[in-house]
1. Scan Ser153, Ser123, Ser168 and give me the residue that is at pLDDT below 90 and either within 18 Å of Ala187 (Cβ to Cβ) or over 23 Å from the mean Cα position of the chain (by Cα) (or both).
2. How many residues are closer than 19 Å to Glu194 by Cβ and in contact (Cβ under 8 Å) with a residue 40 or more places away in the chain if we restrict to region 34-61?
3. Residues that are of a type in the set (A, V, I, L, M, F, W, C), at pLDDT below 95, part of a helix (DSSP H, G or I) and under 13 Å from the mean Cα position of the chain (by Cα): does region 139-147 have at least one?
4. Within region 183-192, does at least one residue satisfy the condition of being of a type in the set (A, V, I, L, M) and open to solvent by 80 Å² or more (accessible area, probe 1.4 Å)?
5. Identify all residues within region 149-185 that are aromatic (Phe, Trp, Tyr) and touching a Lys or Arg at 6+ places or on another chain (Cβ under 8 Å); write none if there are none.
6. I want to confirm something. Restricting to region 165-182 and keeping residues that are open to solvent by 60 Å² or more (accessible area, probe 1.4 Å) and either touching a residue at least 12 places away in the same chain (Cβ under 8 Å) or part of a helix (DSSP H, G or I) (or both), which single residue is farthest from Glu126 (Cα to Cα)?
7. Out of Arg37, Arg71, which single residue is closer than 30 Å to Ala17 by Cα, at pLDDT 85 or above and open to solvent by 60 Å² or more (accessible area, probe 1.4 Å)?
8. Just one of the numbered conditions (1) at pLDDT below 85; (2) under 30 Å from Pro58 (Cβ atoms) is not true of Phe222; which one?
Amino acid sequence: MSEKDEGAQDRPAGSAALTKYRAHGGGIELFRAYIDRRKADQQANLQRKTEVIEALNPTGGTGIPVDAFERLTSELTMLQILEELDPVIKDLLRFCMNPGLGGDQLPNLRSALRIGGDGHAPSDSEQAERKWAVQERWIGAYLTMQETGIYRSQNDIARDIAKALGVSQRTAINHWTDKKLAEPWQASWALSIEMRAKTRAQRKVREQQSGETSRRRGKLTFGKGV
């Protein structure tokens with residue numbers, strides 16, 4: 001192995017392809033740099049994803065500050081986006097390396113880019129967007145519950161979402177259930193907020209009842225004294 005090859009071996013994965021891309025702007029090298037780097041970081045990324053999910057699902061019923069939750073969910077979203085992008089970049093690189101002989105290659109390119117040709121109608125995309133909007137409203141409602149400590153039942157939240165987005169209350173609940181099944185940490189996060197808010201509400205009721213009882217006793221004692 002030459003000194004040049006040995007030097008290349010010592011460089012971080014993806015750096016050689018990145019250097020080539022910056023030198024002549026060939027997109028193929030950028031795709032290759034991405035794939036090499038993602039492959040090298042695969043285990044670290046999986047470990048980090050596990051750590052983020054565990055941080056979003058703390059044990060012992062402890063809560064997560066709003067800013068920490070937003071930071072962690074943003075990081076998790078980015079990790080998930082990159083996971084979905086990995087096969088797309090691989091297919092693009094494969095297409096660029098072997099575009100085929102003549103003919104219309106647009107269908108192949110669209111397939112690599114995951115554009116059309118998958119049997120989904122425009123209405124399917126609209127339904128997916130509506131579902132996403134409903135789920136975002138649920139997350140917002142729980143963040144508000146966490147900030148204020150004011151308990152709200154799922155039926156109350158679903159009723160507000162249904163009114164705001166023009167869906168049925170049952171649809172709002174079903175979309176939230178799908179979200180929790182797909183992301184169990186989200187279900188644990190919501191449950192911990194709900195339980196803390198409910199406990200706080202119950203404690204407040206007990207304190208009010210205790211205060212009322214003490215006042216009644218005080219009046220009765222005062223009356224006997226007279």
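1. That would be Ser123, the only listed residue that is at pLDDT below 90 and either within 18 Å of Ala187 (Cβ to Cβ) or over 23 Å from the mean Cα position of the chain (by Cα) (or both).
2. Counting residues in region 34-61 that are closer than 19 Å to Glu194 by Cβ and in contact (Cβ under 8 Å) with a residue 40 or more places away in the chain gives 4.
3. Yes, that holds for at least one residue.
4. yes
5. Matches in region 149-185: Tyr151 only.
6. Step by step, filter region 165-182, then rank; the result is Leu181.
7. Arg37
8. Among (1) at pLDDT below 85; (2) under 30 Å from Pro58 (Cβ atoms), Phe222 violates only (2).
The values are calculated or read from the model by the stated rules, or taken from the named source; none is laboratory data. All values derive from a computational prediction rather than experimental measurement. For neighbour counting, all protein chains shown are included, and Cβ atoms are generated from backbone atoms with ideal geometry for every residue, glycine included. Calculation scope for accessible area: heavy atoms of the full protein, side chains included, ligands and nucleic acids excluded. Shrake-Rupley method; radii C 1.70, N 1.55, O 1.52, S 1.80 Å.
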